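The values are calculated or read from the model by the stated rules, or taken from the named source; none is laboratory data. None of these values were measured; they are calculated from a predicted model. Cβ: placed from backbone, ideal geometry, glycine included. Neighbour counts: every protein chain shown. We work out accessible area using only protein heavy atoms, side chains counted, and drop any ligands, DNA or RNA first. Shrake-Rupley method; radii C 1.70, N 1.55, O 1.52, S 1.80 Å.
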Amino acid sequence: TFDNCYSMPFLALINPLFQFELITLLQLHNWKRKNGVASNEWLTTITHFDELLSFATYAFNNQQYTCLPTPINSPFTIDATQIGHPLIAPQSRVLNSFNMKSNPSVLIVTGANMAGKSTFIRTIASNLILAMNGAPVVATKMNFSPVEILSSIKIQDSQKDNKSYFYAELVGMKNIIERVKTNPKSIVFLDEMLRGTNSNDKQKGSFGFI
């Protein structure tokens, strides 16, 4: 290996006589030419194992707070008991039960400022993502139908792209509509729809979108 090159006796005696570095470099080049085609598959496999190990570590470290969700073969169902946000510490986490069935359907979350509406939406979305990947969820029980998950939550404007906040919202909602048309078995998460405009346009646009 190339690590031997750090040895002073090797550098002074063996390498000048046998050209060990050059031989090793040629061997490495031949190995790459022979096996390089499969390297992408190897890296993909390593990545997959890394995902599984992350899920396993999360499940082991949070055994008292998590459960394995049950996928069910139904048109559309999300039924969770005492579900919480996986990134919030257990001592600060607020648990809620959630049930949503039938397609199409709309669920509107209302409440005072800082009441936890956005966190609740993210709680359902993040746990559904975990469930769709076969990972444990923060709940005592959860049944779900596999669906495509779409969202328009973290919207940003861009002076570089000449895109206002309102325009960015419209583009995101347009993409969601087009995606749902091709795959009706989807769930869409929206947080404060059309916040970039006035109240009247926000109300009319929200009704139109729904």
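Among Gly36, Gly134, Gly116, determine the one that fluctuates most according to a GNM of the chain built with springs between C-alpha atoms less than 10 Å apart. Result for the chain, Cα springs under 10 Å: Gly36 fluctuates most.
Within the chain, the longest run free of exposed loop sites, counting trypsin sites (Lys or Arg not before Pro) that sit outside DSSP helix and strand states (H, G, I, E, B) and have at most 13 other Cβ atoms within 10 Å, spans 1-153. Annotation: extensible slack from Trp31 through Leu43 equals 2.7 nm (criterion: 0.36 nm per residue apart, minus Cα-Cα distance). Among Asp201, Asp79, the sequence by solvent-accessible area, most first, with a 1.4 Å probe is Asp201, Asp79. Dividing the convex hull volume of the alpha-carbon atoms in the stretch 94-136 by its residue count gives 91 Å³ per residue. Using alpha carbon centroids, what distance separates the stretch 63-97 and the stretch 106-139, in Å? Using only Cα atoms, the two centres lie 9 Å from each other. Placing dummy labels 7 Å off each Cα toward the beta-carbon, the span from Ile129 to Lys141 is 2.7 nm.
Extension gain for Thr182-Thr24 works out to 51.4 nm (0.36 nm per residue, less the C-alpha to C-alpha distance).
Cβ-Cβ distance of Lys163 and Asn103, R₀ of 35 Å, FRET efficiency by 1/(1 + (r/R0)^6): the value works out to about 0.65.
With all protein chains kept in place, the per residue accessible area of the chain amounts to 70 square angstrom at a probe of 1.4 angstrom.
Surface composition of the chain: carbon plus sulfur atoms hold 58% of the accessible area, using a 1.4 angstrom probe and ignoring ligands, DNA and RNA. For the chain, the normalised intensity computed at q = 0.11, 0.15, 0.18 Å⁻¹ comes to -0.72, -1.06, -1.33 (log10 of I(q)/I(0), Debye sum over alpha carbons, equal scatterers, no solvent).
Only protein heavy atoms count here; under a 1.4 Å probe, Thr44 has an accessible surface of about 90 Å². Springs join every pair of Cα atoms under 10 Å in this Gaussian network model of the chain, and among Val147, Val37, Val188 the largest mean-square fluctuation is at Val37. A Gaussian network model of the chain, with springs between Cα atoms under 10 Å, assigns the largest mean-square fluctuation among Asn35, Asn200, Asn133 to Asn35.
Rounded to the nearest 500, the helix-only mean residue ellipticity at 222 nm of the chain stands at -13500 deg cm²/dmol, with each DSSP H run of n ≥ 4 adding -39,500 (n - 2.57).
Here Tyr65 sits with roughly 90 square angstrom of accessible surface, probe radius 1.4 Å.
Counting only DSSP beta bridges with both residues in the chain, the antiparallel share comes to about 60 percent.
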